[in-house]
Amino acid sequence: MRLDASGLPLVAVVGPTGSGKSEIALDLAEAFAGEIVNCDSLQVYRHFDIGTAKLPRSERRGIPHHLIDIVNPDQLFTAGEFARVARETLADISRRGKLPILAGGTGFYLRALIDGLFHGPERDQALRDRLATREARRPGSLHRLLSRFDSAAAGKIHSNDVPKVTRALEVCLLTRRPVSELFRAGRDALRGYHTLKLGLIPDRDALYPRLDARCARMFEAGLVEEVRHILALGFAETCKPFESHGYKQALQQIHGELSPRDAVFYAQRNTRNYAKRQLTWFRRETGLVWLKGFGDVPEIRQQAMERVRTFLGRSNNS
């Protein structure tokens, strides 16, 4: 790895949900005087704790954690906003002589932070409302429309990922240019850092049973009660984090649309599907150093330690 002598070290620990990112990040932070920066799009929201597997303060080993519980559930928080706040956080950590360690499974957040985002037009709510109405009447129609305007962009976005499809269409319609063309025009990449990206990639046959068990424990630990509490605080069911796996099924259970058993079943299924999409995303991420196992396995933890030690040694000698 060729390191920029003027750059500061940054370590990222990524991978699918349930792969043990928190364990690795904590070990690295203890060993190398680091502080952890959340890179999970749900853990930024206050009150959403159980279903996001948010690490309790008592289990953080006294290590500072950043960008957790920073916005209310009804606030808009985009990948661009994450990148802006995260860059400020990284600068502060580095300024204090600590090692920033990104940890999370939201690949788009990681890419927004490291590679930057293209400068697209502001959101147009009236247009978004029209697109939402169209999609509600004919599910899948937005993705088909995007395929007509920009087949390259449509090929990279899953048809079920309505928010991303909507944004891509919004950009196409407002700029009258393919969004993929704007992507190629350049991004505001992170400067001043060289980054080691560690990716956990456990075997699916081992990962899925773990996810099923963890999902069941979330319901046993009071996920439905947590949802009732959030609603009682005055937050609407339409808040974005309620769309996530686990929370959506808990809402359906509260409304009597799912039995407790079925709520767990569908939450487990959706979580497995989400992990599969994460694995697909990270396999396409450039520059990842793969650790083929779970973050709580001693051998994998040791591999991570050695990788970071070598990386920092090169940084200090560059």
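Check Ser147 against each of (1) polar (S, T, N, Q); (2) touching a residue at least 12 places away in the same chain (Cβ under 8 Å); (3) part of a helix (DSSP H, G or I) and name the one condition it does not meet. Result: Ser147 fails condition (2) only. Can you find, within the range 32-77, the residue that is least open to solvent (accessible area, probe 1.4 Å) among those that are under 23 Å from Arg111 (Cβ atoms) and small (Gly, Ala, Ser)? The extreme case among them is Gly34. Give the range 177-202 a look and list any residue that's within 20 Å of the chain's Cα centre (by Cα) and either assigned to a helix (DSSP H, G or I) or closer than 25 Å to Arg301 by Cα (or both), or say none. Thr195, Leu196, Lys197, Leu198, Gly199, Leu200, Ile201, Pro202, listed by residue number.
Inspect all residues belonging to the range 113-120 and state whether any of them is open to solvent by less than 70 Å² (accessible area, probe 1.4 Å) and over 30 Å from Gly34 (Cβ atoms). Even if it seems obvious, please write down each step before you answer.
Initially, the range 113-120 is screened for residues open to solvent by less than 70 Å² (accessible area, probe 1.4 Å), giving 113-118, 120.
Of the ones still in play, those that are also over 30 Å from Gly34 (Cβ atoms) are 118, 120.
Yes, the range 113-120 has at least one match.
Of the set (1) open to solvent by 70 Å² or more (accessible area, probe 1.4 Å); (2) free of Cβ contacts under 8 Å to residues at least 60 places away in the same chain, all apply to Arg204 but (2). Only residues that are buried (at least 16 other Cβ atoms within 10 Å of the Cβ), β-branched (Val, Ile, Thr) and touching a strand residue (DSSP E or B) at 6+ places or on another chain (Cβ under 8 Å) were counted across the range 264-318, and they come to 2. The residues of the range 152-174 that are open to solvent by 70 Å² or more (accessible area, probe 1.4 Å), closer than 20 Å to Trp281 by Cβ and assigned to a helix (DSSP H, G or I), listed by number, are Lys156, Lys164.
Each row is one residue, and each column tells you yes or no for (1) within 15 Å of the chain's Cα centre (by Cα); (2) more than 17 Å from Ser41 (Cα to Cα); (3) in contact (Cβ under 8 Å) with a residue 40 or more places away in the chain.
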{"residue": "Thr78", "(1), (2), (3)": "yes, no, no"}
{"residue": "Phe82", "(1), (2), (3)": "yes, no, yes"}
{"residue": "Glu88", "(1), (2), (3)": "no, yes, no"}
{"residue": "Ile93", "(1), (2), (3)": "no, yes, yes"}
{"residue": "Lys98", "(1), (2), (3)": "no, yes, yes"}
{"residue": "Ala103", "(1), (2), (3)": "yes, no, yes"}
{"residue": "Phe108", "(1), (2), (3)": "yes, no, yes"}
{"residue": "Leu117", "(1), (2), (3)": "no, no, yes"}
{"residue": "Gly120", "(1), (2), (3)": "no, yes, yes"}
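Looking only at the range 1-18, which residues are modelled with pLDDT under 95 and open to solvent by 40 Å² or more (accessible area, probe 1.4 Å)? Write out each step before concluding.
So the first thing to find is which residues in the range 1-18 are modelled with pLDDT under 95, and the list is 1-7.
The answer is Met1, Arg2, Asp4, Ala5, Ser6.
Of all the criteria given as (1) within 19 Å of Phe242 (Cα to Cα); (2) crowded, with 22+ Cβ neighbours inside 10 Å; (3) in contact with a helix residue (DSSP H, G or I) (Cβ under 7 Å, 6 or more places away or on another chain), the one not satisfied by Ala86 is (1). All of Arg301, Arg277, Arg307 fail the test of being touching an Asp or Glu at 6+ places or on another chain (Cβ under 8 Å), assigned to a helix (DSSP H, G or I) and at negative phi, apart from Arg301.
The values are calculated or read from the model by the stated rules, or taken from the named source; none is laboratory data. These numbers come from a predicted model, not from an experiment. Note that we place each Cβ from the backbone using ideal geometry, even for glycine, and neighbour counts take in every protein chain shown. Please note that ligands, DNA and RNA were not included when accessible areas were found on the heavy atoms of the full protein model with its side chains. Shrake-Rupley method; radii C 1.70, N 1.55, O 1.52, S 1.80 Å.
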